[in-house]
Structures are given as C-alpha cells and as structure tokens.
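Novice: Quick one: the structure is below, questions incoming.
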Amino acid sequence: MIKKEILKVMSVKEIATDSYEMSLENEYISTHAVPGQFLHLSIPGHTLRRPISIASCNQMDKVVKVLFKTIGTGTKELSGYQSGEQLDGLGPIGHGFPIEDLKPNDSVLLIGGGIGIPPIYFLATALKERGIKLQFILGFQSKDFVFYEKEFNMLGETYIVTNDGSYGHRGLVTDLIPNVSSFDRYYACGPLPMLKAVKKTLAHKKGYISFEERMGCGVGACFACVLKTNDGIGYKKICQDGPVFAADEVII
Amino acid sequence: MIKKEILKVMSVKEIATDSYEMSLENEYISTHAVPGQFLHLSIPGHTLRRPISIASCNQMDKVVKVLFKTIGTGTKELSGYQSGEQLDGLGPIGHGFPIEDLKPNDSVLLIGGGIGIPPIYFLATALKERGIKLQFILGFQSKDFVFYEKEFNMLGETYIVTNDGSYGHRGLVTDLIPNVSSFDRYYACGPLPMLKAVKKTLAHKKGYISFEERMGCGVGACFACVLKTNDGIGYKKICQDGPVFAADEVII
Amino acid sequence: MIDLSVNLPGLKLKNPIMPASGCFGFGREYSQFYDLSKLGAVIMKAATGSKRFGNETPRVAETASGMLNAIGLQNPGVEKIVEKEVPFLKQYHIPIIANVAGSTIEEYEQVVTTLNHSQDIAAIELNISCPNVKEGGVQFGLDPAMASKVTERVKKLSNVPVYVKMSPNVSNITEMAVAIEAAGADGLSMINTLTGMQIHLPSKKPILSNKTGGLSGPAIKPVAIRMIYEVKKHVTIPIIGMGGIQTAEDVLEFLLAGADAVAIGTANFQNPFVCSEIIDELPNILNKYQFTSVQEATGGAHQ
Amino acid sequence: MIDLSVNLPGLKLKNPIMPASGCFGFGREYSQFYDLSKLGAVIMKAATGSKRFGNETPRVAETASGMLNAIGLQNPGVEKIVEKEVPFLKQYHIPIIANVAGSTIEEYEQVVTTLNHSQDIAAIELNISCPNVKEGGVQFGLDPAMASKVTERVKKLSNVPVYVKMSPNVSNITEMAVAIEAAGADGLSMINTLTGMQIHLPSKKPILSNKTGGLSGPAIKPVAIRMIYEVKKHVTIPIIGMGGIQTAEDVLEFLLAGADAVAIGTANFQNPFVCSEIIDELPNILNKYQFTSVQEATGGAHQ
Ligand SMILES: Cc1cc2nc3c(=O)[nH]c(=O)nc-3n(C[C@H](O)[C@H](O)[C@H](O)COP(=O)(O)OP(=O)(O)OC[C@H]3O[C@@H](n4cnc5c(N)ncnc54)[C@H](O)[C@@H]3O)c2cc1C
Ligand SMILES: Cc1cc2nc3c(=O)[nH]c(=O)nc-3n(C[C@H](O)[C@H](O)[C@H](O)COP(=O)(O)OP(=O)(O)OC[C@H]3O[C@@H](n4cnc5c(N)ncnc54)[C@H](O)[C@@H]3O)c2cc1C
Ligand SMILES: Cc1cc2nc3c(=O)[nH]c(=O)nc-3n(C[C@H](O)[C@H](O)[C@H](O)COP(=O)(O)O)c2cc1C
Ligand SMILES: Cc1cc2nc3c(=O)[nH]c(=O)nc-3n(C[C@H](O)[C@H](O)[C@H](O)COP(=O)(O)O)c2cc1C
Ligand code: FES
Ligand code: FES
C-alpha cells in the first residue's frame, strides 16, 4: 500500500558525473518495497513530485537507497540535501519485477541504461538471494558516468558499454546481447530508445521491462503516464499498473 | 547609493510576540545607512522583495540590525533564518530623517507605532549623539508586543501605550501627546491611521513622518509606492523620495 | 461551532470541499489515503460518449507554481463509468457529480441520456472548457451563443441540475456567464485551465505531445479569483470555484470572491491528503476571520 | 562567436534583451546599477496625452510566482517625457521605444504626434492592453475591429515603426494578431498582463485599490509561450516576446516559440541586474543548445 512517508536523509554522495547515491531512513518503505517499485518525492518549490526508483532496501537499519542523475532543477536540489534533512515521499509505488516463478539456477539477463540501472541493481540483489544466475549489460554515456560496476561484478558477469567507447565496449547495450551466454528471460530498464531496441532484439525471449514517463499524481488518478497495450483496454498506467510490464503486452 | 549586497545573518532573536531582531553583517550598508533608510530584502520563493527599516548600524563590527514582525509568509521565513545564512538585500534605500538643522539641546518628540518603531530607534541613537533632548511615545497592540523599552528609556523619557491598556497607558499614541513637555519638532513612524492622527493633532508643529506602502521595485522605477503631495507634481515615491516626508508636504 | 454546510441545486454538501474533475480519477486511488465520505462531494473525471484513449504522452509538464496537462479526456466511456465507477463512489454516501464532455452537442446529449439511467448522479458538470482535444470541448466554451445552445439542450435532457464548467480563455467572462445563466444552467463551475505551452530546450519542441496544455495550480489563482468576483456581480446562480487552491485560506479567498463551494485539483498530486486536511482546517480559518459559517463568507468581498 | 544581433523595423539591436515597459521607469533608477548602453533597447513607461496620477494605492500584490499591479498608467504626460526623459536615455545610444497609451483614439494620436517631434524615438509600442485604467486602454485590445482601427490611425501618423502590444485576455489571440498585422502594424509585442485579483483576508476586500490588476511574472510564462507560438504561425511581422522571463534559458524558450527579441519586466524588481546578467549569459545558453545566433533560434520550435 502506498503511504505518504517522511524519509530522513542519511547521506548523499556523488558516485559518478552528475550521479548521486542518496541513503534515506524509513521503516515502512524499507520493509515493504520490492525491486521495480519507486518513490514519488516532493521537492519544496515544485508543483509536481519526482519519481525515483528504489535501488536497494536494508530492513535491518531501515535504509532505502536511491540513485539519481541531475537532469533539471528538481534533481539538482535533491543532490543538495544534507544528512539530517527530511524528504516527503509517496511509496512504495507500482508493481515490481515478477520473480516468483523463477527457480534456483535459472539464468537471467539484466539490461540497464543510465538512470534505468538503479532498479536493476535492486532486482539483481533479490535474484541473487534466490540463487538465480545473473548476467548484466549496462549502458552509460561515457566513462565518467559509469557507476556501481564493482557492485554488479560481485553479483554476476557484467558487460559495460559506453556510447563513445570511452569505457568498456563501444556502442549500445543491444550490441552485446550476442556476447552473453544463454539465459531464460531478461529484465530491462533504461531510456525508451534502448528499451525499443532490446524488445526487438529479444522478441523471441520472455522479458520484463520497466518504463518511465512524466507523471502527475503518481498513484493512478490523473492518466498522465499511460502506455499503449495490446490487451482489450488498450492502455496501462505506468505508475499504477507498472512501471514493470511484460515485454509482449506493451506497444512501444 | 543603493547597492545589491549580500548580508550575513549573525543572529535572529524573538524580542516580543511575533517580533524579531535580526543582526546582519555587511560593511557597505553599515557604513552608509542613515536613520530612516531601509533594506529591500529578497526572500527565496518570493517574487517581490520585502522592505525592512534599518534599526541600527554599528560601523565598528559592520553590523546592521533590523526588527520585524511576522505578518505573512515572507517575514515568517525571515524569522527562520539561521546565523551563517545569507540574505540578498538592496540598500540603503531612501532619504532618512532630516536632522542636520537641529542644534544641541533642541528638544524633539519621537512617536512610533508597532513595526514603525525600529527606524525611530535608529533615529534616536543618532539624535542622542548630537545632544538633542528626546521624548518618546511608543504604541503597541498589547503587553506581549512591547519591545526595546529599556533601550528607549536609556535615550530619553519614554511613554508606552497599548491599545488594550495591558501595559503602560491605555489608548492611542495621540492620547499621550498632552503629557509630554514642550518640544521643537516631532518625528513619527507607524501605521497610517496613527500617522493621520499624529499629523492632525500636531498640525501646528514641524514634523517628519516615515511612511509605508506596498512596493515593487523599491528603487523608484515602478510607481507602486506613491503618496499624494501638495507640491506641483502632486505625488512622491515613498521608496525613492521618502520614506520620510515633511508632515506638511503630504496629503494623507 | 462553525457551520460548513452548503445547499446548492442537487447538492446537499456537509462541507464545501470537493476534488476537481480529472485530478481525482474516480476516487479509487485516493480512497487508499483517507475515507472519501469525509468529502463535501466528488467530481468524477470527464465522461464522453464512448471510450477515449486521449493524447499521446508526455501529457504533463511542470511550470512555475503550476503545471500543464493535456490528458485529452481519456476515459472508459459514460456507460462503463455508470456501470463500474459510480457504484464504487456510491458507498461513500456523498453527492457524485459527473463531468460531461463531448465533441458535438449530440455527444453531450448522449452522455447525459446515459447518466439519466443512473439514480446516483447528483449533478452534472458540463465541461465546455477542455482545451486539450482537437475538436469539441473548448470551442463551446469560447462563444456565448454555442455555450448557451449546448447548455439549453443538456438542460432539456438532464434529470439533475447542470453546472457549466467555464473556460478562462475568453475576452469577456461575464458575458459568457450571463449567457449560460440565461440558457438555464443551475450553477457555474469556474475556472478550467488556461491554455499554455512549454518548450523543451534540448529537443527544441513543445514538451507536451499535444503541444498546448491546460495551466493549473497556484499560478492561475489570481485569474480565477478575478473571474469569480466579476461573474458573481452579474449572476444569481451558485458558483463552484477552483484554480490553485492549496490551503484553507485559499478556500476562504474563493468564498469571499463569490464561490459557494470549491474544487481542488492539482494540489492533490503534491499532497494526496489535501482535501481531507483542508476540511479539518477550514473551521479554524473561518473562525480566525470571524465567520461562523461558510455561507456567511460567500461573496464577502462584495460588501 | 555567437551573434546576438537582431534587426527589426526601426530597431537595430545588438542583443535581443530590453526592459519591459513600466518595469524600468525611464531608466534613471537602473542606470545606477549598470551601464544601460549594454541593453539591446529600452522600452519606456507608458506615455499618455497629459499627466496622469494613476490609481490609488495599494498598487501591487504578490502572487504565486508572480505579482499583480494596477499602477494605472501614472506618467508625466508625453510632452514632459519627450522633454525630460528621452534626452536622458539618448546618452546611452540604444534604440528608445515609446510605449503609447490612451483612453480614446484621439489621445493615442495626440501622443504619437508629440512623439513625432522627437528625433530620438526608434519605435512605438502601441499599448492597447493596459488592464488597469477605467476607460480606454484594454478595450482596444479585446476587439479585433477596434484594435485594427487604432493601429491604422496610429500608423498613418507615426514617423516610426509601430509594435502593437497585445493583451492575453482574449478568446482568440491569432484573430487579434492577424487583424493587427492587416492594419499595418510593423510588429507585435506580447504579452501584456493577465487580469487577476487577490483578496486580502483580514480586510475581506480586494488587496488592490483598483480591485483587479495585471498578473505578471513566471506564472504567466506558459500562456505567453503558447500565444507567441500560435501567433507566429499566422503572421510574418516580428514579435517582441515577454512574460515571466527570468533567465537566459527563458529567453531561448521565447525565441524558439517565435519571438525575435524579448522584454523583461517583473524580474527587474527581484534582481536589478537581471537584463545585464542575461545579456552576459545568453551566448553560453545559445551555444549549449547548438545555436550560433539569436536569429537562428527564432521560431525553432516550429520546424
Ligand atoms: C518510474 C520512474 C522511475 C525513475 N527512477 C529514476 C531513478 O532511479 N534515478 C533517476 O535519476 N531518475 C529516475 N527517473 C527519472 C526522474 O524522474 C527524472 O530524471 C526527474 O523527474 C527529473 O526531474 P528534474 O526536476 O531534475 O528535471 P526537469 O526536466 O526540470 O523536470 C521537469 C518535469 O519533468 C519531469 N521529468 C523530466 N524527466 C523525466 C523522466 N525521465 N521521467 C519522468 N519524469 C521526468 C519531472 O518529474 C518534472 O515533473 C524515474 C522516472 C520514472 C517515471
Ligand atoms: C519603507 C518600509 C519600511 C518597513 N520597515 C519595517 C520594519 O522595520 N519592520 C517590519 O516588521 N516591517 C516593516 N515594514 C513592513 C514590511 O515590509 C511588511 O510587514 C512585510 O513586507 C510583510 O511581508 P510578509 O510576506 O510577511 O506579508 P504578506 O502580507 O504575505 O506580504 C505580501 C506582500 O505585501 C507586502 N506587504 C504586506 N504588508 C506590508 C506593509 N505593511 N508595508 C509594505 N508592504 C507590505 C509584502 O512586501 C509582500 O509584497 C516596512 C515597510 C516599508 C514600506
Ligand atoms: C491532470 C488534470 C486533468 C484534468 N481533467 C479535467 C477534466 O477531465 N474535466 C474538467 O472539467 N477539468 C479537468 N481539469 C481541470 C481541473 O478540474 C480544474 O478546473 C483546474 O485544474 C484548476 O484547478 P486546480 O488549479 O486546483 O488544478 C484537469 C486538470 C488537471 C491538472
Ligand atoms: C509594475 C508594472 C507596470 C507595468 N506597466 C506597463 C505599462 O505602462 N505599459 C505596458 O505596455 N506594459 C506594462 N506592464 C506590463 C509589462 O510590460 C509586461 O508586458 C508584463 O509585465 C509581462 O512581462 P513580465 O512577466 O516580465 O513582467 C507593466 C508591468 C508591471 C509589473
Ligand atoms: S501519474 Fe497520474 S496516473 Fe500515473
Ligand atoms: S516601489 Fe517601485 S517606485 Fe517605489
């Protein structure tokens, strides 16, 4: 259930160019959030909240981590928060990545691009606990934007691509799909063009994709965040029905 | 000359109900401001600056003091400033109280009402230095709003009135004018109804009055703050030509 | 004891607070946050003759103290709404107001006819002011003749009182209001959004796929207050006021300008509890400014 | 090197930045803060036939991301302006634009005739959109027929190009713009303020003595961008854009929407240096978004 919670900022650190890791203390979110869900954060002076994925949860010390990139005024202000300050967040929001039906030793490919990587990390830690075999393809603009490489390497085989080839392989995440060993299903999150390419390239595979869209309410009331689907209804709301969808149910 | 200055908050303390004294460090303002002038303070999130009178200046330690009452959102936010934070202020603005022509041992009556008292205090300290004899009539809503009584007592005979009689005399500042001993001129600042009464009661006396009005630019460009005058032009701008005017030149 | 109740045609309101159309869906989502029976009434998202997908995304953008939206009247169609959504809202025992939209007068009539089959609609908010659909909608709200025509036709059909939702994008709001009152409207609902646009610098294109969108939020409050104040002087039918309300003080400002009740839209997105919190706070604010009831405050700025 | 220059009828601008009418007086006050010769041009406060005192105070109020003003065209009259103010501004060797207001067509003509005596006026901004005077002013800006009539009459008289300053308080901004272009205007200046009101809760009365006032500042930017974007599609004369500009990014947004140059009003009150700072920053912003000149950016959102 979505609650309006006060989250206490524990730390904010820059982990790559324009990229920040923020640790937040909140019992309810840390104990209820599942991979793929997000927070809708209120930033003073802004009419609309900012949707940010949950990148990890630690129930022991009640800490929720988010990773974000500074795009405009909202995320810039977010990056300026000091430990001890408080944030008003709605969450956890949405449906996470379906993983219940996976069996130990199943093998999955996780694909993340830029700020789409945080939920993939949360998902990876959960899959690891269930003994799933993991491979990662992570795409970044360039060397300076690479983050969490060490963390991912500890969870599985990790391929990194940069648009300009300044780090890892040069090109797009889809260029590396041939390089990975066989897998049973994939999970992906990132910019829309990347997701389109991934869906196309892996059309024959079962996959789940997490989407982004500009949001109003964040709870399913305003219809700002719809995505076309090929079911009877013809659309789904990313905030309420997603942000994760089966690759074959959405039209992108 | 008006400059756009950064003022460093040294301290903010509540000196009476809803009334605050804020000490600001700034060399230019503290060395150039004269009694009657004001600052036009920028408060983040607000389209318009807030005009606040200068209540004292200490050239030695470069400190400017302002006293303000929390009326709405702007002054409330102002009262929440922490020492070390910075304020953007335009100043010093306007023409101060004319005092050059006063001779030692001249006697003046200073009348202040509520948030009109701060500039009167600054004026009083300046007059005291010149050996002028001072008497004060200070009006407050009620006991809880009384501030700076001790400070004024040190400068001259001080009469305090409260609307409800909860402290000092009961009534309006004009009720006490008969009680004060003879004086050569008066200076007044406070709410408009009080100023009208004072001007009427002391019509035969030479006097200078400091006015308030809602302001835009604060520098004389927008014509928001005009006051009717009986000279040829027919008006004056409070921010630029005032805020102090000779009682007999304005129509109120 | 402060009396918050207001009686308007078809609407016995225990308090003057209702969520604005399109900002509250059909109530399901916000019912997780608080008990909707606390509301004065609820205004449903726009209903059209048949299901609409609406505009492509992006559909919203943020502006200074406001937002732009171009949802495009996405809705499942009036029949589904009567069948699935009205029964859900009915359980809260508060007046249900149906927001009616259409591209043609015939579509408006079709929607109203279908709504007539339901016993649970207390009033209609006739939306002739949606700026976000290619044809229909707003042009009815920009021309007094067309506005009175659609109002008359809908009034003839409807079993329940009709509140006409007005567009602020007009040269003469009073002329519009007078025409709508003359056409038989039971009340006015004002204001809908101001048409606006934002350009996304990186792409050099309008940020909304629909290019223009409706501006809402605190930014438009002065326009709403002005229009309600002006209209109040020239009509006798009640006014449901809206546009940028965030606090109980804002509600009082609308009442003083001439509103009999108010609707709250955009503020729900920032704070899902806003309607509930304002209902709790309103008595204190009325009391602070020496009012003993909501009705006493209405039109107060005109004395 | 980024080229900031813009050439418009009567206006050779070294950069597209000018202070908006009424927000910069006649330049004297802001000349204490920086050298006005840095500006692209300067637009003077409105001039009327004879001296006006304007409205009673309070004349301004603060709103969410904006402000209301009801100055009421206070000015010393066109003769005094030509005699005393123009010579002061002349020393900065930048184009001087005279904002012309009036209650009747005859008054507009009288002002223009007097301005013709000065050699130092580069262009006229015909203000048919001031919402803050009892008669005259804005009604010319709300009716296409009246707008074209006053435009024609002024064009016949004026020695210099005429930019018509449009009101956003209209149902159809394009219709207005097309009529004004047809009437011979050399350019458009848009937008003036949106009419608004704020009610002061303690007194229960409108805060402005004029009751209504003009809404300006960032709150109205989406409306300005929308109107400029729409009008740009239907006229060929240049547009001076304004409404809520605070930063160089805002300037680029106006250029992309279709403005050839821009004016900055309310932002001067918050930051007296705003025009100067934006002139310094604009090249960096144009460069950041891959433009080599201002002219290249104009209308960019329409491609
Ligand atoms: C479900 C979901 C999860 C997300 N998770 C993350 C995350 O973990 N880390 C991260 O860095 N970013 C994430 N994003 C993107 C993030 O929401 C935007 O980068 C952020 O809102 C930009 O705000 P801004 O004020 O900095 O930018 P501005 O451009 O100034 O924002 C203006 C408006 O546009 C909206 N907006 C701009 N870009 C986006 C975008 N890409 N998606 C949605 N709304 C946008 C803003 O929310 C705001 O309403 C997520 C988005 C969604 C929908
Ligand atoms: C020359 C001058 C000197 C002043 N000196 C002092 C002082 O020393 N101490 C002090 O407490 N107050 C002083 N004031 C009054 C002070 O400016 C207002 O109390 C303050 O602006 C209120 O802002 P707010 O946001 O709290 O109130 P709000 O009501 O929220 O303000 C809304 C708008 O109205 C304006 N406003 C409201 N009340 C006044 C007022 N009385 N005068 C002018 N503008 C107003 C605000 O500036 C703002 O633009 C002075 C005013 C002037 C003109
Ligand atoms: C996302 C969104 C969707 C809206 N949908 C509708 C609608 O379907 N029908 C309608 O009459 N008004 C609609 N409106 C307008 C609101 O009901 C309201 O009139 C307007 O937003 C001003 O109020 P506010 O500032 O409190 O949001 C919508 C507004 C928003 C922000
Ligand atoms: C205090 C004030 C006075 C104004 N006076 C005039 C005027 O005399 N003539 C005019 O054409 N516009 C006048 N305007 C409108 C501005 O020129 C400008 O069109 C409007 O404020 C929008 O720009 P902004 O948001 O940058 O202020 C005035 C605006 C303000 C705030
Ligand atoms: S953001 Fe409102 S429905 Fe998804
Ligand atoms: S505040 Fe602008 S002239 Fe005084």
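Novice: What does the extension gain come out to for D:ASN287 and D:THR174, with contour length at 0.36 nm per residue minus their alpha carbon separation? Could you put the intermediate results ahead of the total?
Specialist: Details: separation 113, 0.36 × 113 = 40.68 nm, distance 3.18 nm.
Value of the extension gain: 37.5 nm.
Novice: Averaged over its residues, how many other protein chain Cβ atoms are within 10 Å of peptide D:64-73's Cβ atoms?
Specialist: That works out to 6 on average.
Novice: Looking only at Cβ-Cβ distances, which cysteines of chain B have no other cysteine closer than 4.7 Å?
Specialist: B:CYS57, B:CYS189, B:CYS225, B:CYS239
Novice: Calculate the all-directions average of the projected area of region B:1-157's alpha-carbon convex hull, and give it in nm².
Specialist: Working: hull surface 36.3 nm².
Averaged projected area of region B:1-157's Cα convex hull equals 9.1 nm².
Novice: Can you work out the Karplus-derived ³J(HN,Hα) for every residue in region B:229-242? Use 6.51 cos²θ - 1.76 cosθ + 1.60 with θ = phi - 60°, whole Hz, and x for glycine or proline.
Specialist: Going residue by residue, I get 10, 9, 8, x, 5, x, 7, 9, 8, 4, 5, 9, 8, x Hz, with x marking Gly and Pro.
Novice: Another one. Most fluctuating residue of D:HIS234, D:HIS93, D:HIS200 in a GNM of chain D with Cα springs under 10 Å: which is it?
Specialist: Maximum among the listed residues: D:HIS200.
Novice: Any idea what Rg and Dmax come out to for region C:123-263 if you just take the C-alpha atoms, in Å?
Specialist: 15.5, 51
Novice: Separate question: On average, how much area does the Cα convex hull of region B:107-212 cover when viewed from any direction, in nm²?
Specialist: That works out to 5.8 nm².
Novice: Sticking with this one: Suppose every Lys and Arg Cβ carries +1 and every Asp and Glu Cβ carries -1, with no other charges. What dipole size does the protein assembly as shown come out with about its Cα centre, to the nearest 20 debye? Write out the running numbers ahead of the final one.
Specialist: Working: 104 positive and 110 negative charges, 117 e Å.
Charge dipole, the protein assembly as shown, about its Cα centre: 560 debye, nearest 20.
Novice: Also, I was wondering about something else. Using only the Cα atoms of region C:55-111, build the gyration tensor, take square roots of its eigenvalues as a ≥ b ≥ c, and label the shape rounded, prolate or oblate: rounded if a/c is under 1.5, else prolate if a/b is larger than b/c, else oblate. Kindly include the intermediate steps, with their values, before the conclusion.
Specialist: On the way: a/c = 2.33, a/b = 1.43, b/c = 1.63.
It is oblate, given that a/c is not under 1.5 and a/b is not larger than b/c.
Novice: Could I ask something else about it? Please label the shape of region A:1-50 as rounded, prolate or oblate, based on the square roots a ≥ b ≥ c of the eigenvalues of the alpha-carbon gyration tensor (a/c under 1.5 means rounded; beyond that, a/b larger than b/c means prolate, else oblate). Write out the running numbers ahead of the final one.
Specialist: Details: a/c = 1.69, a/b = 1.23, b/c = 1.38.
Note, shape of region A:1-50 comes out oblate.
Novice: Could I ask something else about it? Across region B:45-62, in residue order, what do the Karplus-derived ³J(HN,Hα) couplings come to in whole Hz, using 6.51 cos²θ - 1.76 cosθ + 1.60 with θ = phi - 60° and x for Gly and Pro?
Specialist: Once θ is set to phi - 60°, the couplings for region B:45-62 become x, 10, 5, 9, 6, 10, x, 9, 5, 8, 9, 5, 9, 10, 5, 4, 9, 6 Hz.
Novice: Between region C:206-232 and region B:169-235, what is the C-alpha centre distance in whole Å?
Specialist: 41
Novice: Can you count the Lys pairs in region A:186-252 whose Cα atoms are under 18 Å apart, with each pair 8 or more apart or on different chains?
Specialist: 9
Novice: Taking a label point 7 Å from Cα toward Cβ, how far is A:GLU129 from its twins in the other copies, in nm, shortest first?
Specialist: The projected label point of A:GLU129 is separated from its counterparts by 7.1 nm.
Novice: List the residues whose amide H sits under 5 Å from the amide H of A:GLU25, counting only those 5 or more places along or on another chain, with H placed 1.01 Å from N in the peptide plane.
Specialist: Amide H neighbours of A:GLU25: A:LYS8, A:VAL9, A:MET10, A:VAL64.
Novice: Which of D:ALA248, D:ALA219, D:ALA147 ends up with the largest GNM mean-square fluctuation for chain D, with Cα atoms connected below 10 Å?
Specialist: D:ALA219
Novice: Tell me what chain A gives for mean residue ellipticity at 222 nm when only DSSP H runs of n ≥ 4 count, each as -39,500 (n - 2.57), the sum divided by the residue total, rounded to 500 deg cm²/dmol.
Specialist: Dividing the helical sum by the residues of chain A leaves -4500 deg cm²/dmol.
Novice: Nearest 5 is fine: what % of DSSP beta bridges in the protein assembly as shown come out antiparallel, could you say?
Specialist: Restricted to the protein assembly as shown, the bridges split so that about 55 percent are antiparallel.
Novice: Can you list the residues, at least 5 places off or on another chain, whose amide H is less than 5 Å from the amide H of C:THR195, using H built in the peptide plane?
Specialist: Correct list: C:LEU215.
Novice: Over region A:3-93, what number does the Rg to Rh ratio reach, with both radii from the alpha-carbon atoms and Rh per Kirkwood?
Specialist: Checking Rg against Rh, the ratio lands at 0.92.
Novice: Could you state the per residue volume, in Å³, of the convex hull enclosing the Cα atoms of the protein assembly as shown?
Specialist: It comes to 178 Å³ per residue, whole-number rounded.
Novice: With a 10 Å cut-off between alpha carbons and a GNM built on chain C, which of C:ILE240, C:ILE105, C:ILE128 moves the most?
Specialist: Judging by the Gaussian network model, the answer is C:ILE105.
Novice: If you average the C-alpha positions of region D:52-116 and of region B:66-115 separately, how far apart do those two centres end up, in angstrom?
Specialist: Between the Cα centres of region D:52-116 and region B:66-115 lies a distance of 32 Å.
Novice: Counting only other chains, what is the mean number of Cβ atoms within 10 angstrom of the Cβ of each residue in peptide A:40-53?
Specialist: On the way: counts 3, 0, 3, 0, 2, 5, 5, 19, 10, 4, 1, 0, 0, 0.
The per-residue average across the peptide is 4.
Novice: How long is chain C along each principal axis, judged by its Cα atoms, biggest number first, in Å?
Specialist: Rounded to whole Å, the extents work out to 51, 48, 42 Å.
Novice: Which Cβ of chain B lies nearest the axis of the rotation superposing B onto A, and at what whole-Å distance?
Specialist: B:GLY45, 3
Novice: Per-residue Cβ counts within 10 Å, from other chains only, averaged over C:201-208: what number is that?
Specialist: Average neighbour count from other chains, rounded to a whole number: 5.
Novice: Tally the DSSP beta bridges in chain C and give the antiparallel ones as a percent, rounded to 5. Show your work: numbers first, answer last.
Specialist: Values: 18 of 41 bridges.
Around 45 percent antiparallel, to the nearest 5.
Novice: Please figure out what share of the DSSP beta bridges in region A:107-212 is antiparallel and state it in percent, rounded to the nearest 5.
Specialist: Bridges in region A:107-212 that DSSP calls antiparallel: roughly 0 percent.
Novice: Any chance you could count the Lys pairs in region A:3-93 whose alpha carbons are under 20 Å apart, treating pairs 8 or more apart or on different chains as valid?
Specialist: Summing the qualifying lysine pairs gives 13.
Novice: Could you run the Karplus curve 6.51 cos²θ - 1.76 cosθ + 1.60 with θ = phi - 60° over region D:264-274 and give me ³J(HN,Hα) per residue in whole Hz, x for Gly and Pro?
Specialist: Using θ = phi - 60°, the values come out as 10, x, 3, 4, 4, 6, 6, 9, x, 8, 4 Hz.
Novice: Is it possible to state the helix-based mean residue ellipticity at 222 nm for chain C, with each DSSP H run of 4+ residues giving -39500 (n - 2.57), the sum divided by total residues, to the nearest 500 deg cm²/dmol? What is it?
Specialist: -8500 deg cm²/dmol
Novice: Compute the Cα gyration tensor for region D:32-128, then decide on rounded, prolate or oblate, letting a ≥ b ≥ c be the square roots of its eigenvalues: rounded whenever a/c is under 1.5, prolate when a/b is larger than b/c in the other cases, and oblate in all that remain.
Specialist: Details: a/c = 1.98, a/b = 1.14, b/c = 1.73.
It comes out oblate by the Cα gyration axes.
FYI, it's all coordinate maths here, none of it is from the lab. Source: prediction; values computed, not measured. Note that each Cβ is placed from the backbone with ideal geometry, even for glycine, and that neighbours are counted across all protein chains shown.
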